[in-house]
1. Can you pull out every residue in the stretch 161-181 that is within 15 Å of residue 132 (Cβ to Cβ), crowded, with 17+ Cβ neighbours inside 10 Å and modelled with pLDDT under 95?
2. Looking only at the stretch 63-94, count how many residues are at pLDDT below 95, in contact with a strand residue (DSSP E or B) (Cβ under 6 Å, 6 or more places away or on another chain) and in a loop (DSSP other than H, G, I, E, B).
3. One residue is enough: does the stretch 139-148 have a residue meeting the conditions in a loop (DSSP other than H, G, I, E, B), under 12 Å from residue 22 (Cα atoms), under 18 Å from the mean Cα position of the chain (by Cα) and modelled with pLDDT of 95 or more?
4. List the residue pairs whose Cβ atoms are under 6 Å apart, where the first residue sits in the stretch 86-98 and is at positive phi and crowded, with 22+ Cβ neighbours inside 10 Å, the second is at pLDDT below 95 and part of a loop (DSSP other than H, G, I, E, B), and the two are 6 or more positions apart or on different chains.
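The values are calculated or read from the model by the stated rules, or taken from the named source; none is laboratory data. Keep in mind that what you see is a predicted model, and the values were worked out from it rather than measured. Cβ sites come from the backbone with ideal geometry, for glycine too, and all protein chains shown count toward neighbours.
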């Protein structure tokens, strides 16, 4: 559902928003998402957290950062399941947005229009440097965008590209340091190889 399709009612608080945390792999997206969600919990706000069922790299249900910080979440197979939040929910966290279906931006808009603060983290580009999944549309509708950077493993400059180090052309390849490394623009496009 697009923003213009939502019908506001007097029960809608109007204080919702969408925040997107994006960047390359190893840039601290999940770490920042966890930090914001923990602050909301400290403020005693009702928080619900989701991740795609396809992301089982660290844990079946918890969201875990590369620095081993974690927070309990609910794995869902389709973005529409996120709409089942309870009536008390004030903050919704969503990790690995790039792995969700194209309905995620509409889901985020619906939640924000109900007065919920929606915080989404995900890769903005795939391993070929192209826009990834529903994240570009989320960036277009978000009130707040934070782009975080990793450190280029070739030259040490700020990195915003996820270079795949293994020979695999599949669009989706779950992996970590054995399969990806962050690179700056120059090192990414010069095509230096491991």
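1. 162, 163, 164, 180
2. Within the stretch 63-94, residues that are at pLDDT below 95, in contact with a strand residue (DSSP E or B) (Cβ under 6 Å, 6 or more places away or on another chain) and in a loop (DSSP other than H, G, I, E, B) number 2.
3. The answer is yes; a qualifying residue exists.
4. 96/55
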